[in-house]
Each structure stands twice: as structure tokens, then as C-alpha cells.
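Chemist: Please see the structure below; I have some questions.
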Amino acid sequence: MKIISTYIIPFFIITICSNLFCQKIDFKHSEIESKLQNFKELDYVELYKQIKPILENKKEHIRALDYLGRFFMEKEVSDSTIYYGNKIYELAVNNTDSLSYAMLSNSYNMLAVGYGFKGLSGLRGRYHLKGLKLYEEGVIDEKIAVHHIRGMADYYLDSKEYKKAIPLYEQSIEIDKNNHTVYYSYNNLGVIYTRLKQYKKALKYLKKACEAPKEHKAYGYCYESISACFYEMGKIDRALNYGLLAKQELEDGNEYSKFMLLTNNTVGKSYYKKKKYNDAISILKSTLKKINIKGFIDIEIKVLESLSKVFLAEKNYNQAYEYISKGYKLKDSLAKIKKNNVDAELEVKFQILQKENEITLLKKDKQLKETQLESERKNKWFLIIAFLIVLIPCIFLLVLYNQKLLAQSKLNKKQEEINVQKISSLIKELELKLIKSSLDSQNKEIKRIAQELHDNIGGNLAAIKLQFDASKNQQDVFEKPKMQIDQTYQLIREIFHDLKPEKINQNKFANLLNEYLNTVGNAQKLDITFNVFPENEINSIPEKMRIEIFRIIQELLTNTIEHAKATSIDLQLNMLDNDLQLLFEDNGVGMSDKVKEGVGLKNVRNRLKKINGDLKIDSVLNRGTILNIEIKKISKLK
């Protein structure tokens, strides 16, 4: 009892507690990831309910911050995106595990995107470079680093350095082709080619961007970019159609999104081109109010310029001046912000140039090594070719000699095979001649015996029968001998028919069997049922097979008459897929398993052996007998 109280009870208490309090919690990360990709239904309250338990978990806390930062990044809220980027950075920067490195990379991406929303492209480039440094150090893989590769491409797009941006977007597409973020790269390539006035290429990439799922934000950007592309092409109606289509399908719940504000500006400009000034003013003023809430200075400047042009076209110079003045003030304000960050921007550009120089040096070093390797490779090839020049003739001679030996060997084997085949064919030919001769002799002898039986014994018995018929007064005395003579005469007729294969050959086989069975049934007072299917195929059985099957049926009937005491017989002949089935059933006395097979059944088995047949017997005492005969591939047995 002391041992139980001291050791066992505490053990059970610890086990139960660990089960209750140490169970792994399912935080539904995959469900949250799915929601973050669906910008149309991305709701902060609902998302926060799912993230809250993760925030309260010490190990998973950093993941929760990442989800919140990505939420505000999707919603294009710059300050909140920067805030969560900094929070994640503080938690991840001093750790060296793989999760911390991945989160540190994500924090750099959030800070870059957040400052990008504010128009501070220099800081944007700085943080993407920090992310790429993690990739160079090998602490994150390319699937995580792809955000920074695409981010540097965005930096070059903002700086109008398109030749540098294009290869980076193409690289990010190759890495990111199975991820939903690939559509941003397609869209931005479309924007670049629009600015380069290569509209065919631009539309090609923009159509790929529009393959994004409708719930994805890139789907909205692609419509805005296509609308802007057609506007630059001078196809105002198409630009307006795409802009209105984007508003119709995507504005609900996304009216403050950057792509929708840009779309509204393009629609307003299109109305201006079509001289629908009231429509242009209405949509541009509405857009201006939304921009003031979000704080996108670069878009606000564009909308103010558009409004100024519309009022100028209406000759409303006061309004035109008011809006253009606001635009200039914002440009000055943005210039001051950029000036405050000029040092950071220059530092970023310097770092970028350093990286580009490093890449150039690495490329040159790689080219030198490749040149050395190419030289070594050429020397090796020279030695190999010299060796082959000597070796090839030797190999050629050896191959020729070997081929000659092989040809001679094959010729000898072929000659041997031909000789064996000739001998074999001669032996078979002789065997066939002997068999044919033997069969001809047998048939002649059978004919002779049949004729003797019919002409002599049959004639005599017929004469005796006639004499008995004439003796009417002594009918009772001779009735029994007369009956025996009738039976003997009938048997002689049957033997005569059996010994005449010509009748089998000259009549349809099914009809011949039917006639024979009727004759036996009437003579022996047996009820015989005979079925054939299909009759045409049964009638086309080869000659030898007909004789053998006929003999087998005769043997089975004789056995039944002599031993079974049956009153009815059912005989079926079926042909299926070139296989013959003979089913013989009687209602006689049957037989037990212990009874040995008689001469009749042995004869049947011997005949079947010659023609690839098989016999199965199913018999029960006092319940009759079923004999099932199967002959395979009957048309091949000739």
C-alpha cells in the first residue's frame, strides 16, 4: 500500500494532468492563410477572433503578429503595416532558428511595403536589400526571398529603371509560378511595357495577371492596368469599359483600395476625353474624398491634375486653378518628405550599386573560371580524339572479325534448323500417310462387316421373323422368341448404322443425332430430350470430331440402357467460343463414388483423350447421373 501511495498514484496524477494541459492546440494556420488571400472577404474582427489564441501563446505569438501585419498590408494601411513589421523585427532579430529567420524576412518585406505606400521608395529598397542579404547568407530559401526579389523589381519600376526591373520580375515568376503572388509580377510587367509603349506585350502579361482568382487583389490590379493600357493606346471606349467593369465587379468592399482609386482616376480621364465633364467631375471628386481617408499622396496628385483639366475644358478657371494649386502643394510636400529621406535613398542606391558591382565581379570571375575549364576541356578532348583515332580502326577490325564469326555461327545454326525441320516434316508426312492408310483400311473393313451383317445375318433374321408372323395359330408359343429376334434384328441395324461413317458425313450432324436418338428412344421406350445450340456451328464440326462424338453418345446411351434403368434422358450439345460442351443426364439408379468405372466409361475417356476432351461425372444413388463433357478449341482438332 505504501508503494502504491508513494509512486503509482502520483504517476497517474501527472499523466492525467499532462493529458489535460499539455495537449497540442490546433490554431488553424491553413484556414487563416486562406483568408489572407481572399481580400474581398477579409474582415478584421472575424480574423482577430482566430488570431487571438495564437497571440496569447508564447511560442506562436510571432506568427500572430505576422498575420496581423499581412492583413494591414493587404488592406494597404501603411502605418499599421510598418508597426507590425517593427514588432516582428524586435522578436526575430536576435534568434537563429529557421522560423525566426523567416519572420525576420517577412518583417523586412512589411517595412518595405509600408514605406512604399507612403511613397518612400528609398526606404523600400533598403529593407528589400536586407531581406536579400538573408538569402545570400543561406538562412532563408528562394521561396521566402522571392518577396524581396519582386520588391527590388518594384523599386526599379518606381525609379523608371525598367531594364533592371524586367529580369527581376521574370526571375520572381520562375520561383513563384505555383504561388498566388505570381500575378503581381505579371501585372507589373504589363505596366512596364505600357509605359514603354509596347502595348501588345503589355496586354499579354496583363491577361496572365487576370487569371488570378477573383478573390485575389491582383485580379483588381489587372483590370486597372488594362484600363490604363487602353487609355494610353488612345482606345478610350475600351479603357472606359474595363474601368466600369472593374467598378461593377470589385468596388463593393474595396472602394478604398489603391487599384480601385487608380481605376476611378482612369475612368474620370476617359469621361474627360469623351467630353462627359459632369461624369468626370463626379467620379474624380468622389475619389478625392476616399484618397483623403487613405493618404495616398501620389494618387491624390494625379486626381487633382485630372480635375484641373476637366474644369479647364469647361472654362471654369477658378476651379481649375484651385485644384492645380492643391496639386502643386502636395508635390512640394512630397518633395520635402523625399528630401528628408534623401540620405537613406542615396545610401540604398549606393548599396544597390555595390551589389551590382559585386555581381559584375562575380560574373567576371565566373567567366575566367569558365575560360580555364573550357581550355582544360579542349585539351582533354584533343587527347581523347587522338586516342580514338588510333583505337577506332582497331575496334573496327575487331568488330568486322566478330561479325564474320557471328554470321558463320548463325548460318551453321540455321542450316541445322533447316535439316531438323526437313527430317521432322518427312517423319510427319510418313506418319500421316500411315494413319490415312490405316483409316482407309478400317473404313473398308467396317463397310464389309456392315454389309455382311446387313445382307446375311439381317436377311436371315428377317426371313425367320416373316415365318413367325405367318404362324398365326402358334402365336402364343413363339411370342417370346419372336420378340428376342426383333430386338436382335434392331441391334444389328444399329450396328450397321454405327459402322457406316458415310451417313455421318453425308447428313447434317444435328439431324443425324436427332434421328438416331428418336430411333433408340422408340425402341427402348425412353423419353429422350435433345437440344442443340447453335445448330449451324454444331453441323460444321470437323468430320473426325463428328464420328468421335457420335461414338461417345452411343457409348453413353448403351451404358444407360444396360445399367441405369432410366426412363428419361436429357442430352444437350452447346458450342461457345469454339469450345464444345456435351451434357448427358438420366434419371436412373445412379452410382456411388466407390463403384469402379466400367469398360464403357473407360472407352469414352480414351476417345476424349484423343480429342483434348474432359469428362466430369456427378452421380448420386437413386437420383440419376449427370455427365459433363468439354472439348476445347474444337475447330483446330481435325
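Chemist: Picking from Leu132, Leu99, which residue would you name as being touching a helix residue (DSSP H, G or I) at 6+ places or on another chain (Cβ under 8 Å), within 19 Å of Ser172 (Cα to Cα) and part of a helix (DSSP H, G or I)? Quick ask: steps written out before the conclusion?
Modeler: Details: Leu99 fails: within 19 Å of Ser172 (Cα to Cα).
Going through Leu132, Leu99 in turn, just one is touching a helix residue (DSSP H, G or I) at 6+ places or on another chain (Cβ under 8 Å), within 19 Å of Ser172 (Cα to Cα) and part of a helix (DSSP H, G or I): Leu132.
Chemist: Return the residues of region 574-602 that are surrounded by fewer than 16 Cβ atoms within 10 Å (Cβ to Cβ), more than 51 Å from the chain's Cα centre (by Cα) and not in a loop (DSSP other than H, G, I, E, B); say none if nothing qualifies.
Modeler: Answer for region 574-602, where residues must be surrounded by fewer than 16 Cβ atoms within 10 Å (Cβ to Cβ), more than 51 Å from the chain's Cα centre (by Cα) and not in a loop (DSSP other than H, G, I, E, B): Val599, Lys602.
Chemist: Report whether or not Tyr193 is in a helix (DSSP H, G or I), modelled with pLDDT of 90 or more, in contact with a helix residue (DSSP H, G or I) (Cβ under 9 Å, 6 or more places away or on another chain) and not charged (D, E, K, R). First the steps, then the outcome.
Modeler: Working: in a helix (DSSP H, G or I): yes; modelled with pLDDT of 90 or more: yes; in contact with a helix residue (DSSP H, G or I) (Cβ under 9 Å, 6 or more places away or on another chain): yes; not charged (D, E, K, R): yes.
The answer is yes for Tyr193.
Chemist: Follow-up. Filter region 172-193 down to residues that are farther than 22 Å from Ser34 by Cα and either of a type in the set (Gly, Ala, Ser) or without any contact (Cβ under 8 Å) to a residue 12 or more places away in the chain (or both), then give me how many there are.
Modeler: 2
Chemist: Just the residues that are open to solvent by less than 40 Å² (accessible area, probe 1.4 Å), over 15 Å from Lys602 (Cα atoms) and among the polar types (S, T, N, Q), please, taken from region 536-567.
Modeler: Asn539
Chemist: Please work out if Leu129 is closer than 30 Å to Lys331 by Cα, at pLDDT below 90, buried (at least 19 other Cβ atoms within 10 Å of the Cβ) and not basic (Lys, Arg).
Modeler: No.
Chemist: Looking only at region 49-85, filter to residues that are open to solvent by 40 Å² or more (accessible area, probe 1.4 Å) and over 24 Å from Ser100 (Cβ atoms); which one of those is modelled with the highest pLDDT?
Modeler: If we take residues in region 49-85 being open to solvent by 40 Å² or more (accessible area, probe 1.4 Å) and over 24 Å from Ser100 (Cβ atoms), then Asp79 is modelled with the highest pLDDT.
Chemist: With the structure loaded, tell me whether Lys207 is surrounded by fewer than 23 Cβ atoms within 10 Å (Cβ to Cβ) and basic (Lys, Arg) or whether it fails that test.
Modeler: It is true that Lys207 is surrounded by fewer than 23 Cβ atoms within 10 Å (Cβ to Cβ) and basic (Lys, Arg).
Chemist: Still on this structure: Name the single residue that is modelled with the lowest pLDDT among those in region 280-292 being open to solvent by 30 Å² or more (accessible area, probe 1.4 Å) and under 28 Å from Ser159 (Cβ atoms).
Modeler: Out of the qualifying residues, it is Asn292.
The values are calculated or read from the model by the stated rules, or taken from the named source; none is laboratory data. Since the structure is predicted, the reported quantities are computational estimates derived from the model, not experimental observations. No Cβ is skipped: glycine too gets one built from the backbone with ideal geometry, and neighbour counts run over all protein chains shown. When the accessible area is computed, the model is the full protein with side chains, heavy atoms only, and any ligands, DNA or RNA have been set aside. Shrake-Rupley method; radii C 1.70, N 1.55, O 1.52, S 1.80 Å.
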